[in-house]
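Undergrad: Below is the structure I would like to discuss, written out as structure tokens.
Every number in this text was worked out from the coordinates using simple rules, so none of it is lab data. Not measured: the values here are computed from a predicted model. Counting neighbours? That spans all protein chains shown, and the Cβs are built from the backbone with ideal geometry, glycine included.
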Amino acid sequence: MGELLQILDRPIAYQRSFVRLGIGVAGAVFLSQMVYWINRAEEGWFYKTQEEWTEETGLSRYEQEGARKKLRDLGILHEKKQGLPAKLFYSIDEDKLYQSVIRANKDAENSHTGLGKTRKQLCGKLANIPTEITTENTTDIKTPLTPEGDETERILGDAKQALEYYNALTGLHCRDITPFLELLTAHKSRAAYTLGDLQVVMEWVIKSWRPRNGKFAKPANICRVTRFDGYLADALDWLKNQVEINTAAVVDEYNRILGDRLPQVELDPERDRDIRQLAQHLAVKTVEGFSAYFDAFRQSAPIFYYGGADGAGWRASFDYLINPKILKKTREGTL
């Protein structure tokens, strides 16, 4: 039984809306796996052998070739050979994919008028399709309304701006706009979110969420449809309480006041976030307020915090001090 479970532990999921592109289930599986890899590719291209496609999807050589031909004919799939020996690289035309899925699902809706609303989500979860997946991607699917003409172009433009804003905040080079397209597209159950909504939530996430394993939250995680209302409410509250402060100057003050006794540091995104969060707890929410805190710590902290006595060489640090609990202990004289 244990061996059987090990064999069955890698299910493959696909976007059912892709079937309506006329590429069949095999094509939908192939395209869904392409979306997964394109989100992890550099410069929008990735390489994969025929054997790797079979290992990941179960598709035979002929099923792969058929799926590729259909996707090339639709203008969704781009291929190029590169290197010696030549390797086949793949890329997706994201605008073409979006427009094709919107058009295909509109046609499906028209052909099923009066038969009930069974359409699944078009985009937004595209960036969330892994090769090892649970049924999570199919539980919060809503029916998108179909934008036309200038409205489609506006949505695409806003999605590209949202992606540029995310990359500017994180310093990353993500290329997939589909998570943003989902939120910017109106549904029968909700109005479309605005570019401003997306930007304030992204800023809140990047500046207040602690990176996992040193990595920022991905657009697909930020743009979760079932959670975005809550994210937006929290982000707006956070924005009201934001303090404009020169975080680089705060680090300089720490190095000036405590750098001869504790390790000197440099500013990074995580410390920038922690400084802004601690500022909410200061009576004077300025660089001078931080200077007063560092001075108070220097004057009141026992030698234990500087590596002596029972500290066995341990020393406090900037990251240790940028903690509301240590601020409170310093104020109360209970270090």
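Undergrad: What number comes out for the charge environment of Glu270, summing +1 per Lys or Arg and -1 per Asp or Glu over other residues with Cβ under 12 Å away?
TA: Every neighbour counted, the sum reads +2.
Undergrad: Mind ranking 276-283, 16-23 by how tightly packed they are, going by the mean number of other C-beta atoms within 10 angstrom, highest first?
TA: 16-23, 276-283
Undergrad: For region 141-256, calculate the relative contact order in percent as a whole number, restricting contacts to Cα pairs under 8 Å that are 6 or more residues apart.
TA: With pairs under 8 Å counted, the relative contact order is 24 percent.
Undergrad: Mind jotting down the distance between the C-alpha centroids of region 46-80 and region 257-335, whole Å?
TA: Centre-to-centre (Cα) distance: 56 Å.
Undergrad: Relative to the compact globular guide of 2.2 N^0.38 Å, what is the alpha carbon radius of gyration of region 49-88, as a ratio? It would help to have the intermediate numbers written out before the result.
TA: Working: Rg = 11.1 Å, N = 40, 2.2 N^0.38 = 8.9 Å.
Dividing the Cα Rg of region 49-88 by 2.2 N^0.38 Å gives 1.25.
Undergrad: Students often get this wrong, so check it: of Lys80/Lys207; Lys285/Lys329; Lys70/Lys215; Lys48/Lys218; Lys240/Lys328; Lys80/Lys160, which have C-alpha atoms separated by over 30 Å?
TA: Lys80/Lys207; Lys70/Lys215
Undergrad: If you wrap a convex hull around the C-alpha atoms of region 197-298 and split its volume per residue, what is the figure in Å³? Kindly include the intermediate steps, with their values, before the conclusion.
TA: Values: hull volume 10.8 nm³, N = 102.
Each residue corresponds to 106 Å³ of Cα convex hull volume.
Undergrad: Here's a follow-up. Determine, for each peptide in 286-292, 93-99, the mean count of other beta carbons within 10 angstrom over its residues, then list the peptides with the highest first.
TA: Numbers: 286-292: 17.7, 93-99: 19.4.
In decreasing order of mean packing, 286-292, 93-99 become 93-99, 286-292.
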